[in-house]
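Asker: Here it is, the structure in full.
Where a number appears in this text, it was derived from the coordinates with a stated rule and is not lab data. Here the structure is a predicted model, which is why all the values come from computation and not from measurement. Virtual Cβ from ideal backbone geometry, glycine too; neighbours counted across all protein chains shown.
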Amino acid sequence: MAKTVAQINEKIKAGTVVVVTAEEFSRMAEHTEIEQLAEQVDVVTTATFGPMCSSGAVINFGHWSPGIRMEEITLNGVNAYEGLAAVDTYIGATAESKFDPSYGGANVIEDLIAGKDIRLHARGKGTDCYPTKEIDTWINKDTVNEFYLFNPRNAYQNYAAATNSTNKIKYTYMGSLLPRFSNITYSTSGELSPLLNDPYLKTIGLGTRIFLGGTEGYVVWNGTQFNMVRPRNEHGIPIGTGATLAVVGNAKEMSTEYIRSAYYEKYGVSMFVGIGIPIPVLDVQMAKHLAINNSQIETLISDYGTEGHPSVGKVTYAQLQSGSVQLEDGKEVKTAPLSSLSKARDIAQTLNQWIKEKKFYLSEPVKTFPHDSFVKPLIPREGGNK
């Protein structure tokens, strides 16, 4: 018998809801009929904690007296965007300090969440309504008006694993890739990962309430590079990157347990973001998707030493998480995760507890995302690359 989100929310309110994590649901599906599980379980919590470069924060500083129209802005020496009116800014996670390339926007965001003071330096040309031309002061999350994460591309559905065929180390956003296929890195939490448990995004869309950085957040659009036109395996899992999410949440309420800066040698700064999504078990078909396990989730192994990152094989998450995989030529290669499975488990359990304690209710999308969206490359045009 099919359920609705409203019915499940009534169960949360009554304290009778049955919630399990995605890992627990996968284990239950090994010895219980899927039809029975669809009846018994109401919500499955999913989670991921990994580097998500396409992230950042919107900040409103409040007005200086006399006013200034901020046209050059740095926060602890990191450039922030100046084109959002007089005292608004957006700081991207991967922006780098003018003085220290290992410190960037992600560090500023983490430091603000931690309650630290951040040095604000701003300049403007001076106008009749905003006559001040330069300020140098300190801010923190309590002194600013708004401080919220707005991340354009998070929670990749199924990211490729990375390796390197060349004779030199490659320093990438997938970490340091050793020469001659000597290691493989990957960055998805497998059967716990949110968009792998709802591969066609039937329950995830505009307005979906989520766990973001330790507090409540929302899905506000499909993420950039959203790609639903992908070959899929028999379980509906895309072989390739697939869908992404744009998300928003109040950074003043977040925790550095779930938002952490990172620096990749000779590549740059990134930010680890913790995301958890509760998926309602609406029917048997949704239960089948939620029963996915690591041995059924496949991804490509991409060669980051070659232009275009061609595939050099296909692998399951069970193999990746085992610590080593065998390439097509028979070579045994060590694997290492960039994302944290233990932290993802923590998020899934925390979200599970919030629901049981009636602190978190499910929301239905007010708009679902397109199924015909695909990623287009940047095409060179005459005179555009000089």
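Asker: Which order do Arg345, Arg119 fall in if you start with the one that has the fewest other Cβ atoms within 10 Å?
Answerer: Numbers: Arg345 17, Arg119 13.
The fewest-first ordering by Cβ neighbours comes to Arg119, Arg345.
Asker: Using a Gaussian network model on the chain with a 10 Å cutoff between Cα atoms, which of Thr45, Thr163, Thr256 fluctuates the most?
Answerer: With Cα springs under 10 Å in the chain, the top fluctuation among Thr45, Thr163, Thr256 is at Thr256.
Asker: Same structure, new question: So for the stretch 104-221, Kirkwood radius off the Cα pairs, Stokes-Einstein at 20 °C and 1.002 mPa s: how many µm² s⁻¹? Walk me through the numbers on the way to the answer.
Answerer: Numbers: Rh = 18.8 Å.
It comes out at roughly 114 µm²/s.
Asker: What does the C-alpha gyration tensor say about the overall shape of the stretch 218-290? Classify as rounded when a/c is under 1.5, otherwise prolate if a/b is larger than b/c, or oblate. Could you put the intermediate results ahead of the total?
Answerer: Details: a/c = 2.33, a/b = 1.47, b/c = 1.59.
In terms of gyration-tensor shape, oblate.
Asker: Between Glu257 and Glu35, what is the FRET efficiency for a Förster distance of 35 Å, r being their Cβ-Cβ separation, to the nearest 0.05?
Answerer: Working: r = 38 Å, r/R0 = 1.09.
So the FRET efficiency works out to roughly 0.35.
Asker: Oh, and also: How large is the charge dipole for the stretch 33-176, taken about the Cα centre, if only the Cβ atoms of Lys, Arg (+1) and Asp, Glu (-1) carry charge, to the nearest 20 debye?
Answerer: Values: 11 positive and 18 negative charges, 157 e Å.
Dipole about the Cα centre, nearest 20: 760 debye.
Asker: Placing +1 at every Lys and Arg Cβ and -1 at every Asp and Glu Cβ, with all other atoms neutral, what dipole size does the stretch 62-144 have around its Cα centre, in debye to the nearest 20?
Answerer: Its charge dipole is roughly 120 debye.
Asker: What nm value, rounded to one decimal, do you get for the distance between Trp221 and Arg119 when each label is placed 7 Å out toward the C-beta?
Answerer: Between Trp221 and Arg119, the label points sit 3.5 nm apart.
Asker: If I take all pairs of Cα atoms in the stretch 1-128, what percentage of them are more than 18 Å from each other? Working shown, then result.
Answerer: Numbers: 5433 of 8128 pairs.
In whole percent, the share of Cα-Cα pairs in the stretch 1-128 beyond 18 Å is 67.
Asker: Extent of the stretch 62-144 along each principal axis, from alpha carbon coordinates, in Å, largest to smallest?
Answerer: Largest to smallest, the principal-axis extents are 39, 24, 19 Å.
Asker: Roughly how many debye, to the nearest 20, is the charge dipole of the chain about its Cα centre, given +1 on each Lys and Arg Cβ, -1 on each Asp and Glu Cβ, and no other charges? Before the final figure, lay out each step's value.
Answerer: Numbers: 36 positive and 41 negative charges, 95 e Å.
Result for the chain is approximately 460 debye, rounded to the nearest 20.
Asker: Okay, moving on. A 27 angstrom limit on the alpha carbon distance is what I want to check against. Which of Lys266/Lys334; Lys116/Lys356; Lys170/Lys331 exceed it?
Answerer: Violating the 27 Å Cα-Cα cut-off are Lys116/Lys356.
Asker: So how far apart, in nm, are the two label points at Trp138 and Ile239 if each is 7 Å from Cα heading toward Cβ?
Answerer: Each label point lies 7 Å from its Cα, and together they span 5.7 nm.
Asker: Also: Evaluate E = 1/(1 + (r/R0)^6) for Lys202 and Tyr81, where r is the Cβ-Cβ distance and R0 equals 41 Å; express this FRET efficiency to the nearest 0.05.
Answerer: Working: r = 35 Å, r/R0 = 0.86.
For Lys202 and Tyr81, the calculated efficiency is 0.70.
Asker: Tabulate in residue order the Karplus-calculated ³J(HN,Hα) for the stretch 175-191, using 6.51 cos²θ - 1.76 cosθ + 1.60 with θ = phi - 60°, rounded to whole Hz; enter x for Gly and Pro.
Answerer: x, 7, 9, 6, x, 6, 6, 8, 7, 9, 10, 8, 8, 9, 8, x, 5
Asker: Related question: Could you check the simple spin-label distance between Tyr361 and Ala318, using points 7 Å along Cα→Cβ, in nm with one decimal?
Answerer: With each label point 7 Å from Cα toward Cβ, the separation is 4.1 nm.
Asker: Going toward the positive end of the dipole of the chain, with +1 on Lys and Arg Cβ and -1 on Asp and Glu Cβ, which of His235, Thr224, Val19 do you reach last?
Answerer: Thr224
Asker: Listing His31, His121 from the residue with the fewest other Cβ atoms within 10 Å to the one with the most, what is the order? All intermediate terms of the calculation are to be shown ahead of the outcome.
Answerer: Numbers: His31 6, His121 15.
The fewest-first ordering by Cβ neighbours comes to His31, His121.
Asker: Taking the radius of gyration and the Kirkwood hydrodynamic radius from Cα positions alone, what is the Rg/Rh ratio for the stretch 252-386, to two decimal places?
Answerer: On the way: Rg = 20.0 Å, Rh = 19.6 Å.
Ratio value, two decimals: 1.02.
Asker: A follow-up question, please. Mean residue ellipticity at 222 nm from the helices of the chain, using -39,500 (n - 2.57) per DSSP H segment of n ≥ 4 over the full residue count, to the nearest 500 deg cm²/dmol? List each step's numbers first, then the result.
Answerer: On the way: 8 runs with 65 residues, N = 386.
The per-residue figure over the chain is -4500 deg cm²/dmol.
Asker: Would you kindly state how much longer the chain becomes between Glu307 and Lys376 on full extension, computed as 0.36 nm times their sequence separation minus their alpha carbon distance, in nm to one decimal? Don't skip to the answer; put the middle values down first.
Answerer: Numbers: separation 69, 0.36 × 69 = 24.84 nm, distance 1.70 nm.
In short, 23.1 nm is gained.
Asker: While we're looking at this one, here's another question. Enumerate the residues in the stretch 108-134 having an amide nitrogen under 19 Å from the point lying 7 Å beyond the Cα of Glu71 toward its Cβ.
Answerer: Answer for this model: 121-134.
Asker: Could you tell me which of rounded, prolate or oblate describes the chain, using a ≥ b ≥ c as the square roots of the eigenvalues of the alpha-carbon gyration tensor, with rounded for a/c under 1.5 and, failing that, prolate when a/b is larger than b/c and oblate otherwise? Before the final figure, lay out the partial values.
Answerer: On the way: a/c = 2.07, a/b = 1.28, b/c = 1.61.
It comes out oblate by the Cα gyration axes.
Asker: What is the gain in length, in nm to one decimal, between Asp329 and Asn145 on full extension, counting 0.36 nm per residue of separation less the C-alpha to C-alpha distance? Spell out each step's value before the answer.
Answerer: Values: separation 184, 0.36 × 184 = 66.24 nm, distance 5.75 nm.
Here the segment from Asp329 to Asn145 would lengthen by 60.5 nm.
Asker: How long are the semi-axes of the ellipsoid equivalent to the stretch 257-309, from square roots of 5 times the Cα gyration tensor eigenvalues, in whole Å, largest first? Can you show the working numbers first?
Answerer: Details: eigenvalues 208, 89, 12 Å².
Ellipsoid half-lengths, sorted descending, are 32, 21, 8 Å.
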